[in-house]
Structures are given as C-alpha cells and as structure tokens.
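Accompanying notes for the structure given below.
The values are calculated or read from the model by the stated rules, or taken from the named source; none is laboratory data. Quick caveat, the model's predicted, so the values are computed rather than measured. Using ideal geometry, Cβ is built from the backbone for each residue, glycine included, and neighbour counts are taken over all protein chains shown.
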Amino acid sequence: MKFSVWLSAALLALTPPAFAETKSPDLKIPKGATLILCEWDVPKSHTTSPEATLLMTETSGRITVTDGLVLYYAGAPVKAEVQLDNAHRTVWAWSLRRVKDNGNQYVDDIKVRLTLQKADQSALLFINPVGYMTESVRGTCGAATEK
C-alpha cells in the first residue's frame, strides 16, 4: 500500500501543467508485478509529453502503462503490448482512443510507443496524436523501487 501511494503521488507530481487537474490514481500493484519507471527529459515546447511513464507487467503477463497523459485522458492505467523484444531492445505500444480535452479539441487516436535500449537503459517515447504533430522525448528507465 505504501508503494502504491508513493507511486501515485510521484506520477501526479510529474504530470505536465497541461494536465494539472488530473486526479491522483489509486494504483493497485499486484504481488509479484514487475515495474519499470521511465523519466523523460521533456523540452518546454512539448505540450503532451509526460515527465514519467510507469510500465507494470503482472505475473499473468498483462501489461499496463500509466503516466500523466494516460491519467488525464483515460483516468486509469491502459493496456500496453510488446511489439518487439530482442537482445538489444524492447518496444511497447499503446493507444488512447477518441479523446477530447477541456478545450473541446477531439483526437481520434493517440498512438504511443516506448523503446527501451537494454544495454544502457536509455529510452525513447513517441507520442503521435493522429492528425497532429508527433512528439518524442528521450530519457532513462529502471526498475521502480519503493522509496
């Protein structure tokens, strides 16, 4: 429980100002789940890139992802899929479908892809709101641990 509360607070604290009204999630961390926390170097000009992304793989193999963007539009973690996993890198992908912001702007699909380089734990996050400009950010990932 402590871990869940800390993680919720950490993700909310790292939410970009554009998503400031996002409510703190009640993240349930199942026993035995593997957590990967990625922190991004977000340029000030980016409007949708989160400061951090959390990937959780449950013992059943189910993968979910959460970050400020996901919490703002979906309100809870969403399902992610592994697109590639080899000796050099792992690529996860997920989508946020039919989203609308408070300004009444509508996006049919926001496609997100995270690539983790296994050698040095560097990562690249692509956010592609269909019909709008793609954003990409670089960062590092590591096993999430309780603080």
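Candidates in segment 24-57 are the residues that are among the small types (Gly, Ala, Ser) and over 13 Å from the mean Cα position of the chain (by Cα); of these, the one that is surrounded by the most Cβ atoms within 10 Å (Cβ to Cβ) is Ala33.
May I ask you to list the residues in segment 80-94 that are among the polar types (S, T, N, Q), surrounded by fewer than 17 Cβ atoms within 10 Å (Cβ to Cβ) and either in contact with a strand residue (DSSP E or B) (Cβ under 6 Å, 6 or more places away or on another chain) or in contact (Cβ under 8 Å) with a residue 60 or more places away in the chain (or both)? Steps first, please.
Kept after step one, since they are among the polar types (S, T, N, Q), are these residues of segment 80-94: 83, 86, 90.
Add one more test, that the residue is surrounded by fewer than 17 Cβ atoms within 10 Å (Cβ to Cβ), and what stays is 83, 86.
Correct list: Gln83 only.
Return yes or no: is Ala119 out of contact with any Ser or Thr (no Cβ under 8 Å at 6 or more places or on another chain), in contact (Cβ under 8 Å) with a residue 12 or more places away in the chain, small (Gly, Ala, Ser) and buried (at least 18 other Cβ atoms within 10 Å of the Cβ)? Criteria not met by Ala119. Among the residues of segment 38-51, those that are modelled with pLDDT of 95 or more and among the hydrophobic types (A, V, I, L, M, F, W, C) comprise Cys38, Trp40.
As for segment 127-140, it holds at least one residue that is touching a residue at least 40 places away in the same chain (Cβ under 8 Å) and over 14 Å from the mean Cα position of the chain (by Cα).
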